[in-house]
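Enquirer: Following this message is one structure expressed as structure tokens.
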Amino acid sequence: MMVYRSDRLLALATLLWLGSVPVFAADIAPHRALYSLSLASAKTAGGAGVVGASGGMVYAWGETCDGWTVQQRFRLRLEYAEQDNVEMSSTLVTWESKDGLRYRFNERRLKNGDLDEEIKGEAKLEGGGKGGVAEFTKPEATTLTLPEGTLFPTAHTLVLIARAQAGDNFVSRKVFDGAEVENSGQITAVIGPALKPEEGMKDGKLPKSALLERPSWRMRLAFFPADSKVEQPDYELGQRLLDNGVSQDMTIDYTDYVIHARLDDIEPLPRPSC
């Protein structure tokens, strides 16, 4: 699962490209998960800055005959020492084709109950490892040329799973998700050793589900903007990613503060009859 700023928690999913042929790297499990959000830590200067955070996220990753869907509702309240509290929420709906070449995205964001931003569009790649085009219809009509090697979010997650299964400990890819009207950003991932299912279940109190009884890896992802001259990431994501695509535990590090996302409940979603 990927996260974009404190108002975004992006999805985990889909497939690995090997040359121009799509190869399924894992048995991805469609599921609906409920996460609670809280402040893990914060850096304050003279008592200023974030002093508290609370919220939740409902994340549903579904499967259709030709693609993967994500439906996400997200709410986060940030408490500040020396300014008014801020409540952010968003509704995100995406679809990505199973061949990794087509992607549609639609997100509506609110800040303190008022519309802050709405982003909608679609993107296409010319083939595996090739570039493509992203066309936004909101907030205004915009067309971007995507560079070679771009992945969409679901394809990127499955690359992570495949490389983790192969024993790699570092992965760097260009990813386009439509979170902003900007081009593909670079995401680098440091992957830890494989953990057995029983090791993964030790992380605090978790819901009982066969979906969690899977091998996993701890990963640390750094998200860099499209501007290649920037040396520091916008933020970093720590997570325990299971081989079926479920994210068991997450921390989102925005430098000044860190948000923890705890998995409270999870249930499987039906697969399509194709």
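The values are calculated or read from the model by the stated rules, or taken from the named source; none is laboratory data. In this text the structure is predicted, and so the values were computed from the model without any measurement. With ideal geometry, Cβ positions are generated from the backbone for all residues, glycine too; neighbour counts draw on all protein chains shown.
Enquirer: Residues in the stretch 14-42 that are part of a loop (DSSP other than H, G, I, E, B), crowded, with 16+ Cβ neighbours inside 10 Å and modelled with pLDDT under 50: how many?
Expert: Counting residues in the stretch 14-42 that are part of a loop (DSSP other than H, G, I, E, B), crowded, with 16+ Cβ neighbours inside 10 Å and modelled with pLDDT under 50 gives 3.
Enquirer: Out of curiosity, is S90 farther than 22 Å from H156 by Cα, under 16 Å from the mean Cα position of the chain (by Cα) and not hydrophobic (A, V, I, L, M, F, W, C)? Break it down into steps so the answer makes sense when it comes.
Expert: Details: farther than 22 Å from H156 by Cα: yes; under 16 Å from the mean Cα position of the chain (by Cα): yes; not hydrophobic (A, V, I, L, M, F, W, C): yes.
Criteria met by S90.
Enquirer: Right, here's the next one. Just for the stretch 208-231: of the residues that are hydroxyl-bearing (S, T, Y) and at pLDDT 90 or above, which one is farthest from R173 (Cα to Cα)? Don't jump to the end; show me each part of the working.
Expert: Step one: filter the stretch 208-231 for residues hydroxyl-bearing (S, T, Y), giving 209, 216, 228.
In the following step, the residues that additionally are at pLDDT 90 or above were identified as 209, 216.
Values: S209: 32, S216: 21 Å.
Out of the qualifying residues, it is S209.
Enquirer: Another one. Given the conditions (1) touching a Gly at 6+ places or on another chain (Cβ under 9 Å); (2) surrounded by fewer than 16 Cβ atoms within 10 Å (Cβ to Cβ); (3) part of a strand (DSSP E or B), and given that E82 satisfies all but one, which numbered condition is not satisfied?
Expert: Condition (3) is where E82 drops out.
Enquirer: So which residues in the stretch 220-257 are surrounded by fewer than 20 Cβ atoms within 10 Å (Cβ to Cβ) and of a type in the set (A, V, I, L, M), if there are any at all?
Expert: The answer is A222, A226, V230.
Enquirer: When you scan the stretch 230-247, how many residues do you find that are under 20 Å from A53 (Cα atoms) and in contact (Cβ under 8 Å) with a residue 24 or more places away in the chain?
Expert: Selection size over the stretch 230-247: 4.
Enquirer: Just to verify a result, which residue in the stretch 265-274, among those that are among the hydrophobic types (A, V, I, L, M, F, W, C) and in a loop (DSSP other than H, G, I, E, B), is surrounded by the most Cβ atoms within 10 Å (Cβ to Cβ)?
Expert: Among those that are among the hydrophobic types (A, V, I, L, M, F, W, C) and in a loop (DSSP other than H, G, I, E, B), it is L269.
Enquirer: Of the residues in the stretch 43-72, how many are surrounded by 14 or more Cβ atoms within 10 Å (Cβ to Cβ) and either closer than 23 Å to K205 by Cβ or of a type in the set (A, V, I, L, M, F, W, C) (or both)?
Expert: Residues flagged as surrounded by 14 or more Cβ atoms within 10 Å (Cβ to Cβ) and either closer than 23 Å to K205 by Cβ or of a type in the set (A, V, I, L, M, F, W, C) (or both) within the stretch 43-72 amount to 14.
Enquirer: Within the stretch 72-94, track down each residue that is touching a strand residue (DSSP E or B) at 6+ places or on another chain (Cβ under 9 Å), farther than 21 Å from D114 by Cβ and at pLDDT below 95.
Expert: Across the stretch 72-94, the qualifying residue is only A81.
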